[in-house]
Amino acid sequence: MAIVVPEQYYVPLHLFHQGENSHAYDFFGSHKEKNGVVFRCWAPHAKSVSIVGDFNHWDRTLNYMNKISDGGIWELYVEGIKQFDNYKYSVEAPDGLIKLKADPYGYHMELRPNTATKFFDIEGYDWKDKKYMEALSKTNVYESPINIYEMNIGSWKKFGENYFSYSMLADSLIPYIKEMGYTHVELMPVGEYPFDGSWGYQQIGYFAPTSRFGTPFDFMAFIDKCHQAGIGVIIDWVPAHFPKDAAGLYEWDGESCYEYIDPLKREHKNWGTHIFDWGKAEIQSFLVSNANYWIEKYHVDGLRVDAVASMLYLDYDRTEWRPNKQGGKENIEAIAFLQKLNAAVFKEHPNILMIAEESTAWPMVTKPADIGGLGFNFKWNMGWMNDMLRYMSMDPLGRPYNHNLVTFSFYYAFSENYVLPISHDEVVYGKCSMLDKMGGPREYRFHSMRTFLGYMMAHPGKKLMFMGQEFAQYKEWNFQSQLDWEVLEFEPHYKYHQYVKAINKLYKETPALWECDTSWEGFHWISAEDNQNSVIAFRRIAKNKDEVIVVCNFQPVRHEIYDIGVPYYADYVEIFNSDDVKFGGSGITNKTVAAKKEPMHSEQYRISLDIPPMSVMYFKPTNIRDPEEAVEVEFTETLSQPHTDKESEKSEKPKAKETKPAASKGKK
């Protein structure tokens with residue numbers, strides 16, 4: 001007997017089976033209706049499905065669902081369901097086995113180790129972030145400061161042995177983020193996950209914020225308060241795989257439903273997870289709807305899409321794999337899905353952040369899908385991260401021979417729209433803390449940390465730093481314990497914390513450091529060639545042509561007279577110096593330096609600097625003058641500004657011609 005689909009269901013079901021239903025959560029799952037709740041699920045291979053839970057003593061014979069379409073859609077209305085009632089779907093597989101499954105579209109779940117879905121009506125939260133959301137709708141995210149604080153909720157701080165709730169987190173985190181000057185907080189995955197050790201990357205509740213920290217309304221209130229404080233919220237999103245937990249998406253109706261059927265495409269064996277079948281229309285609707293859900297129902301500002309590289313390659317982490325129909329290793333279905341995902345999200349939310357964690361050289365990740373790109377608007381710059389961590393971990397004596405590691409990323413910096421990430425992955429599982437990554441003598445490690453961050457903040461691209469790095473966490477990250485906040489009692493850590501606060505503030509207030517992050521118009525090399533001294537210098541330029549000159553010294557060696565070319569006949573004011581005493585430095589400073597009418601580094605003028613060991617300095621041109629009105633200054637004259645406090649030392653310095661670095665030969 002043919003199944004007659006209710007007329008009101010034609011559109012949502014047609015779109016669902018075409019892969020075009022981007023709000024499938026409005027139809028599937030459990031929804032309040034009159035005096036009860038209507039349940040709907042997709043189980044195309046099931047012989048029968050019933051609803052079991054607290055309300056019927058978990059008896060599968062009492063509430064059988066009705067099959068309302070040939071496409072495997074099941075529905076039942078049940079009266080008397082209350083908020084927080086536990087339930088699961090009792091699914092009879094084709095082989096007759098009964099599986100108890102959580103609701104793939106469920107909004108709330110039990111606290112682990114239990115895995116039932118809880119009925120929760122998420123409608124009715126009173127949002128108070130209208131002003132923030134209106135401002136966001138007018139924001140050009142490419143030309144805005146983005147400085148992200150990545151964090152794991154469960155291990156940022158703890159209340160004794162217990163987790164902070166979403167409410168406690170809001171009370172503690174928001175003032176801290178504002179004080180430190182970050183623009184966004186990025187949360188490691190919040191969708192419900194039973195295994196703490198997965199950090200949230202093995203989810204069974206894609207629509208349910210984890211109950212470890214509270215209810216869906218509590219999570220909404222957390223984001224609402226962030227927005228009222230002007231802080232954006234990004235969440236880690238995991239469309240690449242899911243765990244083989246009995247209650248989860250794994251073989252949901254007794255056969256491959258959400259995952260690939262093909263055994264050579266179905267599993268990440270090293271991760272112990274199954275892989276979504278992105279070529280299946282219903283999976284496209286599920287995942288695109290999930291992305292929209294977090295944006296619409298929870299007002300998140302962006303999704304950081306996890307493990308994109310694992311989606312793109314059929315041979316990713318595999319010894320056996322099946323080529324695509326053209327004989328290649330590219331996953332054609334995954335590519336098409338990512339393009340559809342981004343097109344659908346941006347159609348409804350133009351200013352959202354869709355950030356790819358893509359660790360290979362896949363082309364055009366942040367280019368529109370209609371010209372062959374994947375359609376994201378930002379991508380993690382993993383090449384920069386790997387190069388710089390390798391460089392900073394070297395003994396400084398080896399850096400002159402590896403100078404390309406610190407310069408190469410500038411040459412492709414505008415090929416994509418990048419985020420520069422120092423994420424949780426770099427400070428866990430034996431990789432050691434950022435402080436311990438720094439090469440050379442221990443006494444220089446805080447100098448190295450300041451230098452690295454000063455360079456990072458000036459490099460084109462948005463920024464991301466994992467929690468704990470802002471005060472030089474001594475130990476690597478452990479998800480089971482809170483951060484080592486007690487180290488702030490020690491002066492080096494406290495001063496570094498103040499340094500991070502100061503440079504974050506400078507970053508936010510300086511458009512030259514972020515306004516032209518995606519274009520060569522915002523960057524110009526001064527000197528990239530002085531590998532002998534491990535010194536580089538470059539310009540960052542705002543849309544109105546305001547600019548900052550950045551000089552980085554990656555050696556623990558002072559250069560008392562070091563010349564660089566500059567674009568204007570002007571005074572150059574030192575606006576930031578990582579060697580400031582208040583940050584733990586030696587206090588070497590240049591204050592204001594006057595340009596000389598002598599060409600260098602393909603520029604018409606030059607300035608002479610006193611560069612502290614292992615340091616970064618920012619300069620701003622002021623009092624720009626007409627060079628024709630100036631008196632010619634001999635290069636061998638004494639400098640117009642002192643570099644030390646002792647006049648006798650100044651007079652004993654060799655002349656600049658005798659100490660000019662290799663970089664003075666000019667830009668290649």
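For the range 232-319, a/c is not less than 1.5, where a ≥ b ≥ c are the root eigenvalues of the C-alpha gyration tensor, and a/b tops b/c. That puts it in the prolate class. Quick check on the chain: what does the Kirkwood estimate of hydrodynamic radius come out to from the alpha carbon pairs, in Å? Here the Kirkwood hydrodynamic radius works out to 27.3 Å.
Between T139 and N270, the distance separating the two model label sites (each 7 Å from Cα on the Cα→Cβ line) works out to 3.6 nm.
Here the range 235-389 has an Rg and Dmax of 15.5, 48 Å, counting Cα atoms alone.
Site pair M364 and W127 shows an inter-label distance of 3.4 nm when each label is modelled 7 Å from Cα along Cα→Cβ. Relative to the longest principal axis of the Cα atoms of the chain, the long axis of helix 166-180 makes an angle of roughly 20 degrees.
Volume per residue, Å³, of the convex hull around the alpha-carbon atoms of the range 509-629?
In the range 509-629, the Cα convex hull volume per residue is 113 Å³.
Treating each Cα of the range 34-99 as an identical point scatterer and summing with the Debye formula, the log10 of I(q)/I(0) at q = 0.13, 0.20, 0.25, 0.27 Å⁻¹ comes to -0.34, -0.76, -1.10, -1.22. Of the beta bridges in the range 134-229, as assigned by DSSP with both residues counted there, near 50 percent are antiparallel.
Over the chain, what is the relative contact order in whole percent, taking alpha-carbon pairs under 8 Å and six or more residues apart? Worked out over the chain, it gives 10 percent.
Per DSSP helix of 4 or more residues, -39500 (n - 2.57); summed, then divided by the residues of the chain. What does that give at 222 nm, rounded to the nearest 500?
Computed mean residue ellipticity for the chain: -7000 deg cm²/dmol.
When T319, T215 are sorted by how many other C-beta atoms sit within 10 angstrom of their C-beta, beginning with the fewest, the order is T319, T215. Here the simple spin-label model places points 7 Å from the Cα toward Cβ, and for H14 and D171 these points are separated by 5.3 nm.
Segment N162..T319, full-extension length gain: 52.3 nm, with 0.36 nm per residue of separation and the alpha-carbon distance subtracted. Kindly state, to the nearest 0.05, the FRET efficiency for K545 paired with E443, given R0 = 51 Å and r defined as their beta-carbon distance. About 0.80, to the nearest 0.05. Subtracting the Cα-Cα distance of K582 and Q480 from 0.36 nm times their residue separation leaves 33.4 nm of extension gain. Put a plus charge on the Cβ of each Lys and Arg, a minus charge on the Cβ of each Asp and Glu, and nothing anywhere else: the dipole of the chain about its Cα centre is then about 660 debye. By DSSP, the beta bridges lying fully in the chain are antiparallel in about 70 percent of cases. Over all directions, how big on average is the projection of the convex hull of the alpha-carbon atoms in the range 20-137, in square nanometres? It is 9.8 nm². Roughly how many whole Å is it from the C-alpha centroid of the range 576-633 to that of the range 282-326? Taking the Cα centre of the range 282-326 as reference, the centre of the range 576-633 is 48 Å away.
Here, each number is a calculation from the coordinates, and none is a lab measurement. All values derive from a computational prediction rather than experimental measurement. Don't worry about glycine lacking a Cβ; one is built from the backbone with ideal geometry, like all the others, and counts go over all protein chains shown.
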